[in-house]
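Asker: Once you've had a glance at the structure underneath, I'll fire off some questions.
What follows draws every value from the coordinates through simple rules; no lab data is involved. The structure presented is a predicted model; accordingly, all values stated were derived computationally and were not measured. No Cβ is skipped: glycine too gets one built from the backbone with ideal geometry, and neighbour counts run over all protein chains shown.
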Amino acid sequence: MVSLKKKSKRRTTRLRNKIEKQAASAKRKERKLAKKNPQWKSRIPKDPGIPNSFPFKEELLAQIEDQKRIKEEERMLRKQAAKENNGDGDMAIEDAAMNEEGEQESMMERLAKVAQANDAEDGSGDMVVMDEDDDGADVPQLVSNDADTRMDGSRKDLSRKAFDKEFKKVIQMADVILYVLDARDPEGTRSRDVERQVLMSVNEDKRLIFVVNKIDLVPLDVLNKWLKYLRTFFPAIPLRSSSSNLPNTFNHKSLTVSSTSSNLFKSLKAYAAKKKLKSSLTVGVIGYPNVGKSSVINALVTRSINLRQSGPCPTGNVAGVTTSLREVKLDNKLRLIDCPGIVFPNEQGKEDFERLMLLNAVPDKANMDYSGVASAVVRYLNKLPGLLEKMIEYYGIPPLMNTGEDAMATDLLVNIARKRGRLSRGGIPNINAAGKILATDWCSGRIQWWTEPEAITTSVSANDEKEVVSAWAEEFDLNNF
């Protein structure tokens, strides 16, 4: 009779490699999902403590505490005696004390295992007993209160002396000044010092026009409020210089890239025709860094051709792309001058520096502290209802603790750090990395935000200023737009 052979357990190399590859892929996927999990979990196993079902629990805890206290007193006495006799015996005494404590901890672990087995049968819950040393005294500080390093490293970049010569050249050369403002915060990107320097120039025929850029990032009613407010000071015209459609942009059908740039071009041509200049009209483009000065020039150049074609001026989403004057000729009667962005800080303080960071008017540095931008973000979003909820929905984080501005800012950074996996050693949220993510999303338009103008007072809208603004608007034919 032929004996039956046992089935071999050998596998082909292809199958074995396939199984190993699938196992590695599954582990890699688990690690990736664990990083995205917002719930913080420590890698250090938690001490289970002594369960409630263990008999004589209180007496056992008291006995353990007494033993620890006695051991500590004996160790200190032995250490003091060794110091008096000979300093070389310190290490031996310390090792003996650590061995005794290790034996005591192993005894507690055995007791805990027995009690957990009893709990599994009884169905009662566990209670975690924290050691006296684990009272949270060594918890690291999440938000640093020291802003001196941040301010000292960036005040040089905020100084207007760096580009003062170029700015004065533009003021002297230009017949018309286009002051580019950010539609989300026109008042924050506006400087009265710049307006005074333009008006106090030698040439009395200089004209100043506000160009409200990035209008696709604000609702139409907010844009109309700002235009009405700004036109009490100088003529203002809206402009959309970017054709990209982000998820948070507003599609104003009557205010496209082509229509707004054509309106601005027609107004400049109308002014040049009325002045009957022998030479070409020189237009200077000024404003804060990253408000879109170069994009305004590119929109005027590419107004009648393919909008996807790159313009003559390089652009970027960081401050300081334009470092020198650049002249662009539109036609025989019109030429533009691109000027580097100049910052006129209102105050040399922490809040003004954070405001400039959120306006992307400060160049990014490797050692820059972003932990304070969350407070400025909370201040901005709390002014208008619904904006804070939209930001929370964008990040997919739980609602913030409404216990104060500082507490909300800290809670926001902690949640962003956990959501985006910006954790330091030990699972501690990296506040600075979370602040950089928040500032980047804020400046790029991923987070919806805008401001509303103040109420127009009688002092602002004086009769003489109204007459000047209306006269300048007629010169540029802005009333038709």
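Asker: Give me the dipole magnitude in Debye, nearest 20, for region 5-53 about the Cα centre, with unit charges on the beta carbon: positive for Lys and Arg, negative for Asp and Glu.
Answerer: Values: 20 positive and 3 negative charges, 159 e Å.
The calculation lands at about 760 debye.
Asker: So how far apart, in nm, are the two label points at ARG11 and ALA407 if each is 7 Å from Cα heading toward Cβ?
Answerer: For the pair ARG11/ALA407, the computed spacing is 5.5 nm.
Asker: Excluding same-chain residues fewer than 8 positions from LYS71, which lysines have a Cα within less than 16 Å of its Cα?
Answerer: Within the straight-line cut-off, LYS71 pairs with LYS79.
Asker: Please report how far the C-alpha centroid of region 356-428 lies from that of region 203-237, rounded to the nearest whole angstrom.
Answerer: Using only Cα atoms, the two centres lie 30 Å from each other.
Asker: Cα gyration tensor of region 369-444, axes a ≥ b ≥ c as square roots of the eigenvalues: rounded (a/c below 1.5), prolate (a/b > b/c) or oblate? Present the calculation step by step, with values, prior to reporting the outcome.
Answerer: On the way: a/c = 1.61, a/b = 1.52, b/c = 1.06.
Prolate shape, in that a/c is at least 1.5 and a/b is the bigger ratio.
Asker: Order these peptides, 4-17, 164-177, 211-224, by their mean beta-carbon neighbour count within 10 angstrom, highest first. The partial results should precede the final answer.
Answerer: Working: 4-17: 7.7, 164-177: 18.1, 211-224: 20.2.
Top to bottom by mean Cβ count within 10 Å: 211-224, 164-177, 4-17.
Asker: Quick check for me: using +1 on Lys/Arg Cβ and -1 on Asp/Glu Cβ, what's the dipole size of region 369-444 about its Cα centre, in debye to the nearest 20?
Answerer: Details: 9 positive and 7 negative charges, 53 e Å.
Computed charge dipole of region 369-444: roughly 260 debye.
Asker: So, in nm, how far is label ARG43 from label GLU452 when the simple model puts each one 7 Å beyond its Cα toward the Cβ?
Answerer: In this crude spin-label approximation the distance works out to 5.0 nm.
Asker: Which ordering of MET408, MET401, MET368 is given by a fewest-first count of other beta-carbon atoms within 10 Å?
Answerer: Numbers: MET408 22, MET401 11, MET368 17.
Lowest count first: MET401, MET368, MET408.
Asker: Distance in nm between label sites at LYS57 and MET200, each 7 Å beyond Cα in the beta-carbon direction?
Answerer: For the pair LYS57/MET200, the computed spacing is 7.7 nm.
Asker: Return the FRET efficiency for the residue pair GLU30, LYS266: r is the Cβ-Cβ distance, R0 is 51 Å, and the value is rounded to the nearest 0.05.
Answerer: E between GLU30 and LYS266, to the nearest 0.05, is 0.25.
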